[in-house]
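Working notes, beginning with the structure itself.
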Amino acid sequence: LETAPGGYLLSIDPESVDLHLFRLKQKQSRALADSGDLDEAVRLLREADALWRGEEALAGLPGEWAERMRRSLEEERRTASLRRMELELELGRHADLVGELQRLCGQDPVDETVTGYLMTALYRSGRVTESLTVYHGARRSLREQGMEPGHELSGLQQQILRRDPALTAVPARD
């Protein structure tokens with residue numbers, strides 16, 4: 001802790017601050033995924049997520065600034081989680097993701113990204129009927145809010161109905 005004009009300055013290694021370490025691991029994960037090392041990219045995203053403690057960032061801090069930061073940080077975490085799930089689907093780990101995706105869909109039944117991932121994971125696990133049931137549940141929830149499923153989710157439903165071989169194909173890796 002140092003004195004500085006107008007107050008104090010805390011000098012600390014950025015890698016000892018969870019948020020900075022989280023962002024560093026995300027950045028490293030992106031680079032690894034781009035280079036084709038999906039396993040290592042997933043491992044880093046899991047490590048990044050493990051840095052989060054408690055239910056929400058800045059819990060207990062009042063005020064608009066804290067609320068804006070909370071929302072922003074939660075969106076960063078969500079983005080990293082979705083990227084990890086996307087990579088795990090690419091790696092063929094669909095069966096391992098089903099439980100986590102079901103829990104997330106239960107928390108936010110109109111999240112079309114999570115719904116699509118769950119539908120894909122179920123379909124690839126041989127659970128076609130459940131996959132379509134998830135679609136219909138999401139469609140119902142969206143309609144209750146005056147919306148319809150987007151093109152991607154509707155397209156995924158059509159692929160499942162056609163039993164499109166491209167949907168079951170896990171991309172080849174070198």
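The values are calculated or read from the model by the stated rules, or taken from the named source; none is laboratory data. All figures in this text were calculated on a predicted structure; none of them were measured in a lab. A quick note on method: Cβ atoms are made from the backbone with ideal geometry, for glycine too, and the neighbour counts reach across all protein chains shown. Please note that ligands, DNA and RNA were not included when accessible areas were found on the heavy atoms of the full protein model with its side chains. Shrake-Rupley method; radii C 1.70, N 1.55, O 1.52, S 1.80 Å.
Things worth noting here:
- ARG68 vs. criteria assigned to a helix (DSSP H, G or I), touching a residue at least 24 places away in the same chain (Cβ under 8 Å) and either charged (D, E, K, R) or over 19 Å from THR168 (Cα atoms) (or both): no
- Residues that are in contact (Cβ under 8 Å) with a residue 12 or more places away in the chain and over 19 Å from VAL17 (Cα atoms) were ranked within the stretch 31-55; the one that is most open to solvent (accessible area, probe 1.4 Å) is ASP39.
- Boolean, LEU19 is loosely packed, with under 15 Cβ neighbours inside 10 Å and either in contact with a Ser or Thr (Cβ under 6 Å, 6 or more places away or on another chain) or more than 30 Å from VAL128 (Cβ to Cβ) (or both): yes
- Enumeration of residues in the stretch 108-129 that are over 21 Å from the mean Cα position of the chain (by Cα) and in a helix (DSSP H, G or I): VAL128, THR129
- One residue alone among SER81, SER125 is of a type in the set (Gly, Ala, Ser), in contact (Cβ under 8 Å) with a residue 24 or more places away in the chain, in contact with a helix residue (DSSP H, G or I) (Cβ under 9 Å, 6 or more places away or on another chain) and more than 23 Å from TRP52 (Cβ to Cβ), and that residue is SER125.
- Residue within the stretch 13-35 that is over 24 Å from ARG83 (Cα atoms) and assigned to a strand (DSSP E or B) present: no
- Candidates are the residues of the stretch 86-107 that are part of a loop (DSSP other than H, G, I, E, B) and in contact (Cβ under 8 Å) with a residue 12 or more places away in the chain; the one that is nearest to ARG30 (Cα to Cα) is LEU91.
- Only residues that are touching a helix residue (DSSP H, G or I) at 6+ places or on another chain (Cβ under 8 Å) and basic (Lys, Arg) were counted in the stretch 24-37, giving 2.
- Annotation: LEU58 fulfils all but one of (1) in contact (Cβ under 8 Å) with a residue 40 or more places away in the chain; (2) open to solvent by 50 Å² or more (accessible area, probe 1.4 Å); (3) outside any helix (DSSP H, G or I); the unmet one is (1).
- Residue count for the stretch 73-101 satisfying the condition of being of a type in the set (Val, Ile, Thr) and either open to solvent by 20 Å² or more (accessible area, probe 1.4 Å) or closer than 17 Å to GLU47 by Cβ (or both): 1.
- Which numbered condition GLU90 fails, given (1) of a type in the set (Asp, Glu); (2) closer than 26 Å to THR168 by Cα; (3) out of contact with any helix residue (DSSP H, G or I) (no Cβ under 9 Å at 6 or more places or on another chain): (3)
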